[in-house]
Amino acid sequence: MVEKYSLEILNRPDLFYQLINNMTDLVFLTKVNPDKSLSYVILNKPAKELYGLTNESFGRSIEEVLPSNAYHIIKRKYEEAIEKKKPIKYEDMVSVSPLPQNNNHEIIYWESTITPVFNQDGVCTHLLAIVRNLTEQREKENEIQRIKDRLELVWNSVADVMFTFDKSENIVSVNKAFEKLLGWKAEDLVKDKSISFISEDDKEDLRKVIERVKNGETVTSHEVKRITKSGEMIYFLGSFSPLYDQNGDWDGGVVTYKNITERKKYEDKLKELALHDPLTGLPNRTYFLQCLKIEMEKAKLSKLLLSVFALDIDHFKEINDTYGHDIGDEVLKEFAKRVKRAIRTNDFLARIGGDEFVILIPELTEKTKVVEIADRIQQCLGDEWIIANEKIKITSSIGISFYNQFDLEEKTLFKNADLALYEAKKKGRNNYQIYNDQKTG
């Protein structure tokens, strides 16, 4: 049946021409003349239309019927196919103007396959060229490439850190902001899987986030800490989104990190200001009471003693009135420094307002230790004071209370220290008193 059909085509040139004329590809059958010139034998309709050829073009040298630039390209490729004695394939791009009066040129992409035909003596007698128009395909490819280039430009232009990971949770790509801020390039992370920029205390949190992403969830505005190549800790607001393959299966994710380190520093500064005295830098009343409550719980469990000192600067109002508030502020700062030097490392000094200070003395094994601390404070304060070239005598009254077996509330403990301070002032200032003990230093 196949042989019969093949014979029918060979015996019916009209059917053969009908077939090639209905092809969208261009068909050129070229004869190699004895003088090595080339002339067309068969052209299908699309081939004729390309160069505006007619039946009169047959038998004439292709040099005569083709545009000069096209002829030189075709001649060179034909000679290459003859020399190599095998089919060759190549692509070229042609700029054409659809209409003579139109200055806008259209780009056409061609893919040509040239097959040399040899006789029994090994002489090339004909060349068959099949030319396919790849313009639509190339334009789609070019458009895809333009989109990829634009996405890459956006990817590498955004200020936020971005990276992608695969379903094995390995880094696939990172943007320029990632490289600049965290210090690693994609090839570093691909080559060495042991590299990690996740802080130790964030790893379990990240595991939970990845599980949510695997389940198709987008996790946004998630605060994380990450470590740079140089070891610096950076705070980010992270967004984690899933990626899917062409079958709709989870295939990894894309992560965006917005650097919030400066914001965190600002927030920490605000917290510090909220809990610290701006003049001396010491903790304030709020911070002191928080710590006092914690230490009272510890003392309850450990059975160790806990003491609170309330102290102020004797005749501080007179100092302000005599020397001015600027000098008064310098006195407060120096007072804080001297008291800080006199107490133990784990003791907690705070300024609660004006010239009023408090000290939290935790983990005492015996009450007599507070007497030693009070003596050291008064000794430090007794050394010579020179503030803004002014010699000033500074003393302090101190009230001391203990946390005892009655489980006093922090406010009561605080109040008892104040009552002892009041008693010290009644006794002439520049001394300390212990609540319910009335022992004078």
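The values are calculated or read from the model by the stated rules, or taken from the named source; none is laboratory data. Small disclaimer: the values here were computed from a predicted structure and weren't measured. Positions of Cβ are generated from backbone atoms using ideal geometry, with glycine treated the same way; all protein chains shown enter the neighbour counts. The protein model used for the area step is the full one, side chains on, heavy atoms only, and it has no ligands, DNA or RNA in it. Shrake-Rupley method; radii C 1.70, N 1.55, O 1.52, S 1.80 Å.
A few notes on this one:
- Residues with amide H under 5 Å from that of PHE58, placed H, sequence gap 5 or more: none
- Accessible heavy-atom area order of THR218, THR24, highest first, probe of 1.4 Å: THR24, THR218
- The relative contact order of the chain comes to 8 percent, based on Cα pairs under 8 Å that sit 6 or more residues apart.
- Summed residue charge, Cβ within 14 Å of LYS193's Cβ, Lys/Arg positive, Asp/Glu negative: -4
- Cα gyration tensor category, rounded, prolate or oblate, for the range 143-298 with a/c compared to 1.5: prolate
- Potential extension, SER168-ASN133 segment - 0.36 nm per residue separation minus Cα distance: 8.4 nm
- The range 340-404 shape via C-alpha gyration tensor axes, a/c threshold 1.5: prolate
- Cα gyration tensor shape for the range 261-416, rounded if a/c is under 1.5, else prolate or oblate: oblate
- Dipole orientation for the range 21-153: of the candidates TYR40, ALA70, GLN120, GLN120 has the Cα lying most toward the positive pole (charges on Cβ; Lys, Arg +1; Asp, Glu -1).
- Against the chain, whose longest principal axis is taken from its Cα atoms, helix 325-342 shows a tilt of about 90°.
- Dipole moment magnitude, nearest 20 debye, the chain about Cα centre, only Lys, Arg, Asp, Glu C-beta charged: 600 debye
- Protein-only accessible surface order, largest first, of SER196, SER37, SER157 at 1.4 Å: SER157, SER196, SER37
- Estimated 222 nm signal from helices in the chain, with DSSP H stretches of n ≥ 4 weighted -39500 (n - 2.57), rounded to 500: -13000 deg cm²/dmol
- Selection among SER196, PRO242, GLY216 by position relative to the dipole of the range 143-254 gives SER196 as farthest towards the positive end (Cβ unit charges, Cα centre).
- Amide H contacts under 5 Å for THR395, placed H, 5+ residues apart: ASP314
- Under 5 Å, built H, 5+ apart or other chain: amide partners of HIS276: ASN284
- Cross-link table LYS45/LYS85; LYS193/LYS229; LYS203/LYS258; LYS31/LYS89; LYS333/LYS391; LYS176/LYS214, entries beyond 22 Å C-alpha to C-alpha: LYS45/LYS85; LYS176/LYS214
- Positive-end residue of ILE386, ALA374, SER401, charge dipole of the range 359-441 with Cβ unit charges: ILE386
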